[in-house]
Every structure is written in C-alpha cells, then in structure tokens.
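The values are calculated or read from the model by the stated rules, or taken from the named source; none is laboratory data. Because the structure is predicted, anything quoted here is derived from the model rather than measured. Using ideal geometry, Cβ is built from the backbone for each residue, glycine included, and neighbour counts are taken over all protein chains shown.
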Amino acid sequence: MRRTTALFSVMLLVIGFSTAWSQQPYTNDKVEYTLELPSSAWRVISEADAAHEHTEFVYGDRLEGYLQIRKEVVDAGTTASELSRRDQDQKFAFLPGFVVGKEETFSGRLSGVTISYEFVKTGKPMMGRIYYLQADNRTIYALRFSGLRDKLTRIRNQTDLIARSFKLK
C-alpha cells in the first residue's frame with residue numbers, strides 16, 4: 001500500500017512538472033502585454049502588426065478554442081462589469097440562439113469580470129467566454145474565447161490560466 005501511494009505521488013509530481021514545462025510565454029513588440037499559453041496545442045494565428053492591432057490564437061482549431069485579445073479604450077471610470085453588460089446588449093444579444101450566462105468576478109495579475117454565453121453557429125452549439133481585465137480607469141482588455149460548447153467547457157482551466165497570466169509589460 002505504501003509503495004503504491006509513493007508511486008502515485010511521484011507520478012503526480014512528474015505530470016505537474018511536465019505541465020509546467022509545457023507553458024509557453026507569449027509576447028510581441030507590437031503589444032503592451034504578455035501571457036502564458038498553457039500547452040503547445042495553443043498557437044498564434046494572427047499577430048499584431050502595422051495593419052492589425054489584434055492577436056489571435058487557436059487551440060487545435062477554431063472550433064476547439066479560439067482566442068481574440070482586444071484592447072478597449074473606454075470613458076474614464078467605466079468598469080469591466082459595465083463594459084461586459086454593454087457588449088452583451090449591443091454585440092452578443094443578436095447572435096443566433098444567444099443565451100446569456102452569469103457574470104463572475106475574476107482575479108489574476110489584472111482583475112475584472114468574466115461572462116459566459118451560448119449561441120449557435122452553422123447549426124452547432126457554441127460557447128463564448130470573455131475575460132474583461134481592467135488595466136486602468138480608461139483601459140480594459142477583453143480576452144474573447146469561443147468554441148464548440150462541449151470543447152470550450154473542457155478547457156476552462158486553460159482559459160482561466162491564460163487570463164490569470166495576462167499582464168502589462
């Protein structure tokens with residue numbers, strides 16, 4: 001029994017270290033932030049450059065997990081929660097099959113709120129999860145994850161890790 005417990009403990013340590021080693025830092029001279037990608041399954045598909053201000057990532061393919069990062073410049077004093085409600089009312093409410101989820105507070109290197117919602121795209125049940133991270137009283141970063149509902153739900157721990165690792169340079 002002791003030998004099995006010791007072996008199990010060693011296996012957990014190895015798995016933990018291999019997961020930590022697979023994290024990949026991401027930065028680009030054209031953006032003001034850095035973040036950690038939790039596995040090699042995440043890859044950059046569009047980087048910020050002179051023509052584009054936004055960076056995009058995928059987990060496998062766009063249906064498994066898709067991430068867009070947007071910098072939102074807002075009126076002074078606008079909170080992450082207010083921006084999330086405005087986006088729901090003005091952008092997402094018009095998606096086919098839109099069902100709003102609940103808003104939750106979120107803490108990482110930057111704090112804010114997160115919302116989840118469901119919608120339908122090409123007849124498939126999709127999910128969106130957005131982390132609104134408050135950088136200052138005029139800047140909020142929106143990390144917009146989307147994918148098939150069941151697939152995005154499975155990688156929730158990874159989306160949380162990416163959002164928690166997000167920081168300004």
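Of the residues in the range 92-99, at least one is without any contact (Cβ under 8 Å) to a residue 12 or more places away in the chain, farther than 24 Å from Q23 by Cα and either surrounded by fewer than 17 Cβ atoms within 10 Å (Cβ to Cβ) or under 19 Å from the mean Cα position of the chain (by Cα) (or both). Here is a check on your reading of the model: is T122 over 22 Å from P38 (Cα atoms) and modelled with pLDDT under 95? It is true that T122 is over 22 Å from P38 (Cα atoms) and modelled with pLDDT under 95. Which one of the conditions (1) over 20 Å from T27 (Cα atoms); (2) out of contact with any Gly (no Cβ under 7 Å at 6 or more places or on another chain); (3) exposed (fewer than 13 other Cβ atoms within 10 Å of the Cβ) does K169 fail to meet, given that it meets all the rest? (1) is the only condition that K169 fails.
Yes or no, residue by residue, for (1) in contact (Cβ under 8 Å) with a residue 60 or more places away in the chain; (2) within 24 Å of V44 (Cα to Cα); (3) surrounded by fewer than 20 Cβ atoms within 10 Å (Cβ to Cβ); (4) touching a strand residue (DSSP E or B) at 6+ places or on another chain (Cβ under 8 Å):
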site	(1), (2), (3), (4)
G77	yes, no, yes, no
E82	no, no, yes, no
G101	no, no, yes, yes
V113	no, no, no, yes
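Of all residues in the range 144-162, those that are closer than 24 Å to K91 by Cα have Cβ atoms under 6 Å from Cβ atoms of residues that are part of a helix (DSSP H, G or I) and of a type in the set (S, T, N, Q), 6 or more apart or on another chain, in F145/T159.
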